Amino acid sequence: MKSVRVQDVTFVNGEVELAGSLRVPVDAEPAVAGVVLVGGSGPTDRDNGTYFLPIQRHLVEAGFAVLSYVQTWCWPVIR
């Protein structure tokens, strides 16, 4: 199993600041391909309950960076 670095991140979408997690393989090159996981309809956290966890693990094992974020209607952080 590859080691993974998890970093909390924020980014702005209009007037809303979104919060998420960026997972990157520890041994990754300075630039790696990335995947953004987007939850379905309804309130959910950055891991979409526990649904995203095995997907994130598999993608990081394959060498991808993975970003998942909290949906705005779940926990908005207004600027």
For this session: Consider only pairs whose beta carbons are under 8 Å apart and that are at least six residues apart or on different chains; among these, list those whose first residue lies in the range 48-68 and is within 11 Å of residue 24 (Cα to Cα) and of a type in the set (S, T, N, Q) and whose second residue is open to solvent by less than 70 Å² (accessible area, probe 1.4 Å) and part of a loop (DSSP other than H, G, I, E, B).
Result: 56/47
For this session: Would you check which residues across the range 14-68 are closer than 15 Å to residue 3 by Cβ and polar (S, T, N, Q) and list them?
Result: 56
For this session: Quick one: in the range 44-63, of everything that is buried (at least 18 other Cβ atoms within 10 Å of the Cβ) and modelled with pLDDT of 90 or more, which residue is nearest to the chain's Cα centre (by Cα)?
Result: 56
Exercise. Any idea how many residues of the range 11-43 are over 11 Å from residue 68 (Cα atoms) and either assigned to a loop (DSSP other than H, G, I, E, B) or among the polar types (S, T, N, Q) (or both)?
Worked result: 15
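The values are calculated or read from the model by the stated rules, or taken from the named source; none is laboratory data. Bear in mind that the values here come from a model prediction, so they are computed numbers and not experimental data. Every residue, glycine among them, receives a Cβ derived from its backbone with ideal geometry; neighbour counts consider all protein chains shown. Calculation scope for accessible area: heavy atoms of the full protein, side chains included, ligands and nucleic acids excluded. Shrake-Rupley method; radii C 1.70, N 1.55, O 1.52, S 1.80 Å.
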